[in-house]
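A short write-up of the structure that comes next.
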Amino acid sequence: MALMTAAEVKAFIRETSTTYDTLIGIYIPLIEEDICEYLNNWFRDRVIFIEYGAGLAFVGSCSSRDFITDDAGDFSTAGLSSGMDIVIDGGSNGGIYSISSGQSSVTLNIGTTANKVFVDQDQDASFNSVGKIRISRMVWPNSLKPIAAKMIWYQIDNNKPSGAASEKIDDYSITYVNGRTYPQQLLSGLDRYHQVRTH
């Protein structure tokens, strides 16, 4: 389940019109990634996860959803199910994804349309070895929602692209995360979720 819905974003920013609905929907997954990158925290569930040394295959589909297959059929046993946000660590397909409908014990469907997001990889293929992979459910804290809503609104209302890492004018500073700008005062609300980078 995503960090928040478009309706929740609109409630937090007190927006009642439908003018920005499409942009809000576009920005929700981008802001999720920005929050995780900024905090070095992907909010991995310590209970609902699974690790693999072999048996996984990632398939980037041109005609349906991208999907992951598991030779052992462990997805349901691990507790992974439709509607969850997951984070994948390892291989070329690391990142945040949503499990869509049609999930089974041997297949996780990703996204809602023909994504072609995944790089085709198979842990069992000698020519394209993926190595160890961990798939974890993401557990978003509810306290992130008001901050994320403000981040989304800032992107819609004030976005000024730049290649700089940060800038400061008097006591007002801007930080750039994945090419998007945010006031440091806004990002400071996330600080309690920071995890130290070890590399």
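Below are the figures for this structure:
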item	result
First in the stretch 176-199 and on the phi < 0 side of the Ramachandran plot, second anywhere and among the polar types (S, T, N, Q) and assigned to a helix (DSSP H, G or I), Cβ under 8 Å, 6 or more apart	180/155; 181/158
Of all residues making up the stretch 70-122, the number that are of a type in the set (D, E, K, R) and either closer than 11 Å to residue 58 by Cβ or crowded, with 20+ Cβ neighbours inside 10 Å (or both)	4
Those residues of the stretch 107-141 which are over 18 Å from residue 87 (Cα atoms) and either in a helix (DSSP H, G or I) or at pLDDT 90 or above (or both), in sequence order	126, 127, 128
Residue list for the stretch 1-37, filter: surrounded by 14 or more Cβ atoms within 10 Å (Cβ to Cβ) and among the hydroxyl-bearing types (Ser, Thr, Tyr)	5, 20, 27
Residue, modelled with the lowest pLDDT, within the stretch 142-199, restricted to residues that are outside any loop (DSSP other than H, G, I, E, B) and of a type in the set (Asp, Glu)	167
Residue 104 vs. criteria polar (S, T, N, Q), part of a helix (DSSP H, G or I), over 30 Å from residue 184 (Cβ atoms) and not assigned by TED's automatic domain parsing to the domain that holds residue 10	no
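The values are calculated or read from the model by the stated rules, or taken from the named source; none is laboratory data. Small disclaimer: the values here were computed from a predicted structure and weren't measured. Please note: Cβ atoms are built from the backbone with ideal geometry, for glycine as well, and neighbour counts cover all protein chains shown.
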